[in-house]
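Note sheet for the following structure.
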Amino acid sequence: MQDTQTVEKPLTQFKSKADLHQDINIGVQVSGEWSVTQIEALFALPLNELMLKAQDTHKSYFPEGDVELATLLSIKTGGCPEDCSYCPQAARYDTDVKAEKLMGLEDVLEAAKAAKAAGSNRFCMGAAWREPKDRDIEKVTAMIKGVKALGLETCATLGMLEADQAQALQEAGLDFYNHNLDTSEDFYRSVISTRGYQDRLDTISNVRAAGMSVCCGGIVGMGESRQQRAAFLARLANLNPYPESVPINHLVPVAGTPLAEQKPLDPLEFVRTIAVARITMPKARVRLSAGRQELGRAVQAMCFMAGANSIFYGEQLLTTGNPEAEQDRELLAELGLKTKQSCKTEVLV
Ligand code: SF4
């Protein structure tokens, strides 16, 4: 049931998780946490009903209905020692991605200026490292300070972080740190063997402890079951607090990686995943990330209807293509969606 008064209230006064469980009325015990069974029940709803619940939630928490534009720049490409099965940047896979050095400060700032001029709110810097060395942190903090001075929100994804590294990034002005859980804990080992799920959780906890906002999501369509997709979303939704940004990627199979031949996930299942993310993490920016190009306009439109309210914007993600900025602007205009104007960080802690 929609509480029409909620649009005027600050976020802290919105419905609690328990209220949302009750509203969703999926016939299972109400608690502060989402169980996998509850989330599977959401996935199993008739699509219209699921979309209605997602839209109801979205309107309550984001009455403006705006879409955030985030630009992602690969500041250090390829040569990564990790073995993520989906990733062409892993040194061990024979892909077209070649290892490059860390970009220079001036080049990063030029890219950030161009992103701002094109309308981006957030500038994300990604490096293909297992974890940064302290000398890398020094270089990246200079980039963060420079990007921040341009008036953009800053985000970085540099691999696993120690507590003191997280603190140094926060002190440089980093607003968000991205570190994806990728998938459910029980499917994780099928995709990555060079680090464990707990490593991911430890980094997220270091990021929170340093006072930064968390960007954390994953990839669907890697061969996981629906139950595993539900378990992945439960894990995200039960983080306390859940991430402010939740990027959901649709696998882009890349030649040379172990997932090169993976059969694509049904687009409607992707739409359901977005809707369930919106319902279970109502205050989060749910971001359409890699794979948008493959989804096409109609499915992207359904994803916005299901509550997606952030996109990666620009012609290139870390190593995969992205709809061109002009096409994105046209699609958003055609759907009557405004873009987020402010670069003020939305914080859930
Ligand atoms: S996803 Fe990140 S950590 Fe994994 S191989 Fe690619 S660059 Fe390395």
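Residues considered: 218, 307, 196. Largest GNM mean-square fluctuation over the chain, using C-alpha springs under 10 Å, is found at 196. From the alpha carbon centroid of segment 215-229 to that of segment 153-170 is 24 Å.
Over the chain, DSSP H runs of length four or greater, each weighted -39,500 (n - 2.57), average out per residue to a 222 nm ellipticity of -12000 deg cm²/dmol.
Using a Gaussian network model of the chain in which every pair of alpha carbons under 10 angstrom is joined by a spring, one finds that among 325, 166, 284 the greatest mean-square fluctuation is at 325.
When both bridge partners sit in the chain, DSSP labels roughly 5% of those beta bridges antiparallel.
So what's the net charge close to residue 294: Lys and Arg +1, Asp and Glu -1, counting the other residues with Cβ under 13 Å from its Cβ?
Details: positive: 263, 292, 297; negative: 266.
With Lys, Arg at +1 and Asp, Glu at -1, the neighbours total +2.
By how many degrees, between 0 and 90 and to the nearest 10, does the Cα long axis of helix 325-334 differ from the longest principal axis of the chain? Long axis of 325-334 versus the principal axis of the chain: about 10 degrees. The orientation-averaged shadow of the Cα convex hull for segment 74-127, equal to a quarter of the hull surface, comes to 4.4 nm². To the nearest µm²/s, what D does Stokes-Einstein give for the chain at 10 °C and 1.306 mPa s, using the Kirkwood radius over alpha carbon pairs as Rh? Answer, rounded: 78 µm²/s.
If you take every residue apart from residue 149 with its C-beta less than 12 Å away from the C-beta of residue 149, what net charge results, scoring Lys and Arg +1 and Asp and Glu -1? Could you put the intermediate results ahead of the total?
Working: positive: 113, 116, 145, 148; negative: none.
After counting each charged neighbour, the total is +4.
Take the convex hull of the alpha carbons in segment 112-252; its mean projected area over all directions comes to 8.6 nm². Taking 78, 217, 256 as the candidate residues, the one with maximal mean-square fluctuation in a Gaussian network model of the chain, Cα springs under 10 Å, is 256.
Read-outs: derived from the displayed coordinates by stated rules, not from any lab. Since the model is a prediction, treat every value here as computed from it, not as a measurement. Positions of Cβ are backbone-derived with ideal geometry, glycine not excepted, and every protein chain shown enters the neighbour counts.
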